[in-house]
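> Sending over a structure as structure tokens; questions will come in a sec.
Every read-out reported here was derived from the displayed coordinates using simple, explicitly stated rules and does not represent laboratory data. Worth saying up front: this structure is predicted, and the values here are computed from it rather than measured. Quick reminder, even Gly has a Cβ in these numbers, built from the backbone with ideal geometry, and neighbours come from all protein chains shown.
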Amino acid sequence: MEKITKEVYLKWYEDMLFWRKFEDKLAASYIQQKVRGFLHLYNGQEAVLAGALHAMDLTKDRMITAYRNHVQPIGMGEDPKKVMAELYGKVTGTSKGMGGSMHIFSKEHRFYGGHGIVGGQIPLGAGLAFADKYFKRDSVTICYMGDGAVRQGSLHESFNLAMLWKLPVVFVCENNGYAMGTSVARTSHSTEIWKLGLGYEMPCGPVDGMDPVTVAKEMSKAIERARTGGGPTFLEMKTYRYRGHSMSDAQSYRTKEEVEEYKKIDPITQVLEIIKENDYATEEDIKAIDKRVKDLVTECEKFADESEYPPINQLYDMVYDQEDYPFVQHKI
Ligand SMILES: Cc1ncc(C[n+]2csc(CCOP(=O)(O)OP(=O)(O)O)c2C)c(N)n1
Ligand SMILES: [Mg+2]
């Protein structure tokens, strides 16, 4: 893994702050009904992504996740303006406005969604890794899932085959404590989710998911193992989401105090403290970062706002790849 230098801390601070503010803007846009449908925000979980991106080779590695998926493609290199436009349902979006919040996709940057079926992305992640192994490419797939996904059969089938075929994949459970409003303790006999790997003799373990340094170190070991033929790893990142499951969640299943406890170990604050303690940046430098972040969010919002909705015939054009299909030509 590349060393965690002053530049890395500054990048982490700027990236994570941008992801947070980008999503805060989405929440406001949702209330204004500019973003429709579902909206699941990532606030609080940013270290899980920041640390992973540091450990990955962004020229070849892949990522797939569930529906809490707005900032991952940005981290992988996608233009945040296009991501926001997608959420606004505009033609300039990553999927021409046809995917929306839960289905961000960026083939160019090897980000494969964006999946609404809980656990649905786990076999797909194993499949991406299978393809890399089959075609003898040395890419590694990072396959994220929530704590609510780990009791799905798809995880167990995928874990077995991933171990059998030593697939180059890192399975990451982002344990934010809840699946919608249901705590892990209400659905799992063992709340140590990482132990699910033991049944398959898969290297596995718990990770402090609020600290990007720990995440980067553990991800780096797992990625190295996958890239060198050692097969999969299962990491349980212990993290927390500050906002509700989606925008329509009244959050009656937890207390405000619990949320405040986690905010004390907020990943952005932790990184900022390290920056300040080590004099990695002056107050002026930090203000400049904050302003850059604010300006970029405004730019994304303006782009999304001013873009057009897709033309109606796009409904048909995006369904079929084959030029002469459907055989009856559609007319609008
Ligand atoms: C197969 C399936 N069952 C149920 C649902 C309804 N559902 C949507 S999100 C969710 C909870 C998932 O929680 P978790 O995996 O912990 O992810 P988080 O939202 O915490 O990121 C459920 C049950 C679904 N989308 N798919
Ligand atoms: Mg969860």
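> Enumerate the amide H contacts of Arg62 below 5 Å, restricted to partners 5 or more residues apart or on another chain; note that Pro and chain-start residues carry no placed amide H.
Distant-sequence amide H within range of Arg62: Val140, Thr141, Ile142.
> Shifting gears a bit: Rounded to the nearest 0.05, what FRET efficiency is calculated for Asp290 and Thr5 with R0 set to 25 Å and r the Cβ-Cβ distance?
0.75
> Sequence gap at least 6, Cα distance under 8 Å: using those rules, report the relative contact order of the stretch 126-264 to the nearest whole percent.
28 percent
> Residue by residue through the stretch 218-232, what is 3J(HN,Hα) from phi via Karplus (6.51 cos²θ - 1.76 cosθ + 1.60, θ = phi - 60°)? Round to whole Hz and write x for glycine and proline.
Calculated HN-Hα couplings, in order: 5, 5, 4, 4, 5, 5, 4, 4, 5, 5, 9, x, x, x, x Hz.
> So how far apart, in nm, are the two label points at His189 and Asn160 if each is 7 Å from Cα heading toward Cβ?
It is 1.8 nm.
> May I pose another question? Taking the highest mean first, how do the peptides 194-205, 81-92 order by number of other beta carbon atoms within 10 angstrom per residue? Could the numbers behind the result be given before it?
On the way: 194-205: 16.9, 81-92: 23.2.
Final packing ranking: 81-92, 194-205.
> Suppose we keep just the DSSP beta bridges with both residues in the stretch 6-317; what percent of those would be antiparallel, to 5?
10 percent
> So which lysines can Lys90 reach, going by Cα to Cα under 30 Å and dropping same-chain residues fewer than 8 places off?
Once the sequence-local lysines are set aside, what remains near Lys90 is Lys11, Lys21, Lys25, Lys34, Lys60, Lys81, Lys82, Lys107, Lys291, Lys294, Lys302, Lys331.
> Separate question: From the phi angles alone, apply the Karplus equation (6.51, -1.76, 1.60; θ = phi - 60°) to the stretch 54-65 and give each ³J(HN,Hα) in whole Hz, x where the residue is Gly or Pro.
So the Karplus estimates, Gly and Pro as x, are 5, 7, 7, 9, 6, 8, 9, 7, 10, 9, 9, 8 Hz.
> Based on the mean of other beta carbon atoms within 10 Å per residue, what is the order of 295-302, 94-101, 23-30, 274-281, most packed first?
Listed from highest to lowest mean packing, they are 94-101, 23-30, 295-302, 274-281.
> Using θ = phi - 60° and the Karplus relation 6.51 cos²θ - 1.76 cosθ + 1.60, list the HN-Hα couplings for the stretch 10-17 in order, rounded to whole Hz, with x at every Gly or Pro.
Residue by residue, the stretch 10-17 yields 5, 5, 4, 4, 5, 5, 5, 5 Hz.
> What is the stretch 6-317's relative contact order, in percent, from Cα pairs under 8 angstrom and six or more apart in sequence?
25 percent
> Mind listing the long-range amide H neighbours of Thr182? Cut-off is under 5 Å, sequence gap 5 or more, other chains count too, H placed in the peptide plane at 1.01 Å from N.
Those lying under 5 Å, H to H, from Thr182: there are none.
> In whole Å, what three semi-axes, largest first, describe the equivalent ellipsoid of the chain built from its Cα gyration tensor (square root of 5 times each eigenvalue)?
29, 27, 21
> Taking a spot 7 Å from the Cα of Leu198 along the direction of its beta carbon, which residues of the stretch 161-182 have an amide N less than 11 Å from it?
No residue qualifies, since no backbone N sits under 11 Å from the label point.
> So how far apart, in nm, are the two label points at Lys302 and Thr255 if each is 7 Å from Cα heading toward Cβ?
About 4.6 nm, to one decimal.
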